[in-house]
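The values are calculated or read from the model by the stated rules, or taken from the named source; none is laboratory data. Quick caveat: nothing in here was measured; it's all calculated off a predicted structure. So basically every Cβ, Gly included, is an ideal-geometry build from the backbone, and we count neighbours across all protein chains shown. Quick note on the areas: whole protein, heavy atoms, side chains included, nothing else; ligands and nucleic acids left out. Shrake-Rupley method; radii C 1.70, N 1.55, O 1.52, S 1.80 Å.
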Amino acid sequence: LSPVCLGSLRRAASINAEYMGMRVPAPLELSDDEGDEIMIDGVPIPKDEIITCFDDDDSRLFYEKIFDLSLVKTHLKDQKDKAQEEKETRENKEKEDGEDLEKLPELEDDANDEQEATAEEAKVEVVEEVEEESDKMKTFIQDLVKLYNRDEVDNIAIKFLDINSKKTRKRLVKVLKEFRRHPMHQIPYLCRFVATLEYVGIKVKHGLEDMIDQEFEFLWKKRSKASLEERELNMKFIAEMVKFELYPKKKIFRIFLRLLRDFQPRSVATLAFGLENCGRFLYKNPQTHTRLNKLFEQMEMITKKKKYRLRGRSS
């Protein structure tokens, strides 16, 4: 990118930060050779030499160094190997679709209508037969809602191995859906717990992903009736899952675009909150930094349009 473009991006970020009343992540500029290098804090680094998307060791260890449960239960090794092969296949597919990864997703009105219908259906409460839980499962759930550090997450993941079954995984997904009612600071630990299970092929992430997608659509349909706190809690789930590679990157950019184009105060605040929580990760990620730049370009265009409209009204 040229210095002029970079300057425009910085100004766009500053304008929106002031409007949102929040702090945006520190900018990471792209080099002129956008395909091979990115500028991280003023230092050009080849994409293939970027080994982490996190700035400090604590964050890197928390999000990237997932405890291997197969060390505790050796029978999980084959399951883990299969899960890692599937993950590698997905990552290779993303690399092959490199050009598509650098494009902002298209938003279609028909798709939004379908999503709203799905969200409304998802909010219809279905009365299910209550199954009696074992004492171990009850104790596990009580411990799960009290996670406050990485060691506790790893220990409770080990405990889950003793009760792991199709029935308990189904119950776990239901418990995960209730976490939107818990304090926001517990969400990163919950997501690490899910990532720990997924690492060895214990599949529960889809239940959490479906839950936050349905919640987003429900809040989107409520518009001004949805509180900012509800929106930020939902966005926190999405941002943390993105950093644990549990949520598709394309989907979060589609969400960012919808919030940006809506440009209502709560949508703008939710977008700022999302960027504050995972913007730095997306900017340092070689697969998404170009797309985030394009998001900022659209942000600048929309901001200018809004300014012109306001000036027109005042005059």
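Given R₀ = 25 Å, what would the calculated FRET efficiency be for Lys167 paired with Glu85, taking r from the Cβ atoms and rounding to 0.05? Kindly include the intermediate steps, with their values, before the conclusion.
Details: r = 27 Å, r/R0 = 1.09.
Efficiency, from the Cβ-Cβ distance: 0.40.
Using only C-alpha atoms and all pairs of different ones, pull out the Kirkwood radius for region 242-300 in Å with one decimal.
Working: mean 1/r = 0.0865 Å⁻¹.
Roughly 11.6 Å, rounded to one decimal.
Kindly state, as a whole number, the per residue volume in cubic angstrom of the convex hull around the alpha carbon atoms of region 177-217. Walk me through the numbers on the way to the answer.
Numbers: hull volume 2.5 nm³, N = 41.
So the per-residue Cα hull volume is 60 Å³.
Under the √(5λ) rule applied to the eigenvalues of the Cα gyration tensor, what semi-axes describe the equivalent ellipsoid of region 195-290? Give them in Å, descending. It would help to have the intermediate numbers written out before the result.
Numbers: eigenvalues 105, 58, 20 Å².
So the equivalent ellipsoid measures 23, 17, 10 Å along its semi-axes.
With a point put 7 Å past each Cα toward its Cβ, work out how far Lys136 is from Ser59 in nm, to one decimal.
In this crude label model, Lys136 to Ser59 measures out at 3.9 nm.
Per residue, how much accessible area does region 255-315 have with a 1.4 Å probe, in Å²?
Spelled out: the 1.4 Å probe surface of region 255-315, per residue, equals 43 Å².
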